[in-house]
Amino acid sequence: MSSRLNVPTIIFLAAFVFTFYCLGASFVEGFVNYRTWGVIGPNEFRQYHQELSPLIVRIMVIPIAIKSVLVITLLWFRPDVFPRWVIWAAVVLEITNWTSSVTIQIPIQMQLSETGLSMVLLDELIRTDWIRKISSITSALLFLWLMTRLLGSASSRDHAFEK
C-alpha cells in the first residue's frame, strides 16, 4: 500500500477531499444561506452580513483557495493513470469559479455589505451563483471519475500481484 501512496496520489486525494468539501459548503451557502436572507430585517441585515463575511472567508474562501492550488499542482504531480487533459479541464473550471466570484459575486456581496439588503441584488446573487454551481458540480464529477481510475488501477495492480 505504501508504494501507491506517493506524492501525486496524496495531492490528488487532498484535492478530492477539498473538492467535495467546497461543493457541500457552497451548496449550504447558495441553497440555505442566500435563500434565508430575505427574512432578516432590513435594519439587521447589514450588521449580519458584515459579521458573516469573515466566517465565509475561513469556512469557504480559504478551503477553495487551497483546492485551487492543489488542482493546479496536479498539472505537475498527477497520478500516471490520469490523462493530462482532465487536469487542464479541472484548472479551467477553477478559473471559471474564481472569475465568476471576482467579477460577479464579490461585487454584489460588497454592495450588500455597504447598503444593506436589496432583494434585486439578492436575486441576482442567487441567479448568477449557478455559474459557480455548474462549474463546481462538473469539477466534482471529474474528480469522482478520476477516483474511479485511481481505484481501478490499484485493483488491477493488486490482482497482478496476487498471481
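Segment 1-75 and segment 90-152 have Cα centres separated by 10 Å. Working note: 222 nm ellipticity from helices only, DSSP H runs with n ≥ 4, each -39,500 (n - 2.57), summed and divided by the residues of the chain, gives -25000 deg cm²/dmol to the nearest 500. Between the listed residues Ile56, Leu142, Thr103, the Cα displaced farthest toward the positive end of the dipole of segment 7-162, a dipole computed from Cβ unit charges relative to the Cα centre, is found at Leu142. Net charge of the neighbourhood of Arg58, taken over other residues with C-beta under 15 Å away and scored Lys/Arg +1, Asp/Glu -1, is -1.
Against the chain, whose longest principal axis comes from its Cα atoms, helix 7-27 is set at around 30 degrees. The ranking of Trp98, Trp145 by Cβ neighbour count inside 10 Å, starting from the fewest, reads Trp145, Trp98. With an a/c value of 1.5 or above and a/b larger than b/c for the gyration tensor axes a ≥ b ≥ c computed over the alpha-carbon atoms, segment 45-137 is described as prolate.
Bear in mind that the values in this text are calculations on the coordinates, not laboratory data. No experiment lies behind these values; they were computed from the predicted model shown. Every residue, glycine as well, gets a Cβ built from its backbone with ideal geometry; the counts of neighbours run over all protein chains shown.
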